[in-house]
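What follows is one structure encoded as structure tokens, with my remarks underneath.
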Amino acid sequence: MSTPSSPEQPLSAEDETLARHREALRKRFPMPTPKPRKSRAPLAISTLLIIIGAGLVWTDPSYRTEHYSSTVGERRELDLVDGSKLVLDSSTRVEVSWHLRSRRVELSTGQALFDVSKTVFRPFEVDAGAARVTVLGTRFNVSREQDAVNVALMRGSVSVQSTVDPAQQQRLAPGQQLAVLNGQLQPTENADLSKILAWQERKLVFSHTPLSQAIEQIQRYRQAPIRLDDQSLANLPISGVFNTDKVDDLLDLLPHILPLNITRDTDGTLHITHRAAKK
């Protein structure tokens, strides 16, 4: 036998009223049309671009690089796009790179005078091997030799930092100079600016300069190598003012003022040896 179905419950007066007017109520109070969900892609892309931009600013990438050099005996003047000026001494090589947050010069070899235009947000950095010089706007001279970097300040302010030991850092005032020997900052000294900048007038000025250091400077103005074959001569002092256009005349003069001999190979290589005392 089938189970009898439950009898339908009678509608209340309120339900009957709602049923009669349901369609009229729907038309008068329609349900809001659901809005399409916004894609999150544009927001994600914007966030990604912000992150990439912040990363680029933080890493300070280079967007332009320039290479300059001077030949033996040449003095070259450069005007950079930011208004800074460089003067390259003989046999000098530099690489200038422009970054988002900085301006940088790598002094590979030689000597240069920098006259830097001032900007608040883009410091000017000179990397010379064991030394890094940072400025905002100033005039200074940097000379790079085999084991030493010499920085002299004419105007403004510079910070010199050892790249071997970054904790070593020193700020210079106008008229001061500082040497970095084998990555170690030496005490600051008063600079003899006329002597330091004599190369711009094609002069070499030595004042009790050790022969080995003098040879490094002379080599800058000579194509063929100069060999100091006897290291016992390295600390012999040399003094005087000499013409950089006539360095061979200076070399020929050395045997007359120091106890040494000079010989030349067929390719122009010059050898300096000790001269034995006459019996």
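The values are calculated or read from the model by the stated rules, or taken from the named source; none is laboratory data. Everything numeric in this text was worked out from a predicted model, so none of it was measured. Quick reminder, even Gly has a Cβ in these numbers, built from the backbone with ideal geometry, and neighbours come from all protein chains shown.
Among the criteria (1) among the hydroxyl-bearing types (S, T, Y); (2) within 18 Å of G268 (Cα to Cα); (3) touching a His at 6+ places or on another chain (Cβ under 9 Å), the one S239 does not fulfil is (2). Cβ-Cβ distances below 6 Å connect the following pairs, each with a first residue in region 261-272 that is farther than 18 Å from Y221 by Cβ, a second residue that is among the polar types (S, T, N, Q) and surrounded by 12 or more Cβ atoms within 10 Å (Cβ to Cβ), and a separation of six or more residues or different chains: N261/T273. Of all the residues that make up region 117-150, how many are outside any strand (DSSP E or B) and not hydroxyl-bearing (S, T, Y)? So the answer is 13.
Of the helices (runs of 4 or more DSSP H) that lie entirely inside region 184-279, those containing 1 or more residues that are over 26 Å from V151 (Cα atoms) and hydrophobic (A, V, I, L, M, F, W, C) span 247-257.
For region 137-154, check the following and say yes or no: at least one residue is within 15 Å of V96 (Cβ to Cβ) and in contact with a strand residue (DSSP E or B) (Cβ under 7 Å, 6 or more places away or on another chain).
Yes - at least one qualifying residue is present in region 137-154.
For region 166-183: of the residues being not in a strand (DSSP E or B) and not polar (S, T, N, Q), which is nearest to Q219 (Cα to Cα)? By that ranking, first place goes to G183.
Of all residues in region 68-116, those satisfying the criterion of being part of a loop (DSSP other than H, G, I, E, B) and more than 25 Å from E216 (Cβ to Cβ) are L80, V81, D82, G83, S84, L100, R101, S102, V116.
Residue selection: Q168 satisfies the criterion of being at pLDDT 95 or above, surrounded by 15 or more Cβ atoms within 10 Å (Cβ to Cβ) and either in the same structural domain as D89 (by TED's automatic domain parsing) or in contact with a Gly (Cβ under 7 Å, 6 or more places away or on another chain) (or both). Return a yes/no flag: does region 205-225 have any residue that is surrounded by 18 or more Cβ atoms within 10 Å (Cβ to Cβ) and more than 26 Å from N141 (Cβ to Cβ). The answer is no, given that none of the residues of region 205-225 is surrounded by 18 or more Cβ atoms within 10 Å (Cβ to Cβ) and more than 26 Å from N141 (Cβ to Cβ). The single condition among (1) loosely packed, with under 15 Cβ neighbours inside 10 Å; (2) in contact with a strand residue (DSSP E or B) (Cβ under 6 Å, 6 or more places away or on another chain); (3) touching a residue at least 60 places away in the same chain (Cβ under 8 Å) that D230 does not satisfy is (3).
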